[in-house]
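The next block holds one structure in the form of structure tokens; read it before the comments.
No lab work stands behind these numbers, since they all come straight from the coordinates. Please read these numbers as outputs of a predicted model, since none were measured by experiment. For neighbour counting, all protein chains shown are included, and Cβ atoms are generated from backbone atoms with ideal geometry for every residue, glycine included.
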Amino acid sequence: MSWIILIVAGLLEACWAVGLKFTDGFSKPFPSILVGGAIVASMALLAIALRELPVGTAYAVWVSIGVLGAALSQPLIFGHRLNGFEIFFLLLLLISVIGLKISASKTF
């Protein structure tokens with residue numbers, strides 16, 4: 001269950017990171033309130049997930065989900081194209097997150 005909570009926390013992190021673009025420097029009240037709520041919810045869920053998960057692994061996964069979500073918003077929301085290098089390194093990040101998940105329960 002902690003992994004599901006962590007994934008939701010990461011998705012909320014991506015939402016608030018992208019949402020910052022719509023706040024116009026926190027000068028627009030409604031988007032700013034939504035971003036603030038997403039920040040609080042994301043942090044709270046991360047804290048809950050940390051009850052059972054190692055902090056280094058959980059934090060790396062949380063940040064990576066946010067990075068991937070923000071990067072994918074470029075072409076999906078803002079119409080900016082990702083170049084081949086960006087796609088390659090985002091895939092490496094995704095592979096790293098999967099590796100962290102798999103290795104979190106294994107002892108070497």
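Overview of values
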{"item": "At q = 0.18, 0.19, 0.22, 0.23 Å⁻¹, base-10 log of I(q)/I(0) for the chain (Debye sum, equal scatterers on each alpha carbon)", "result": "-0.91, -0.98, -1.14, -1.19"}
{"item": "Gain on full stretching of the segment that runs from Asp24 to His80 - 0.36 nm per residue minus C-alpha separation", "result": "18.3 nm"}
{"item": "The chain: angle of helix 84-103 to the longest principal axis, Cα-based, in degrees nearest 10", "result": "40"}
{"item": "Only Lys, Arg (+1) and Asp, Glu (-1) charged, at Cβ; the chain dipole about Cα centre in debye", "result": "80"}
{"item": "Extension gain from Tyr59 to Leu72, taking 0.36 nm per residue of separation minus the Cα-Cα distance", "result": "2.7 nm"}
{"item": "Length gained when the stretch Phe89-Met43 is fully extended (0.36 nm per residue, less Cα-Cα span)", "result": "14.0 nm"}
{"item": "Length-normalised contact order for region 2-103 - Cα pairs under 8 Å, 6+ apart - percent", "result": "33"}
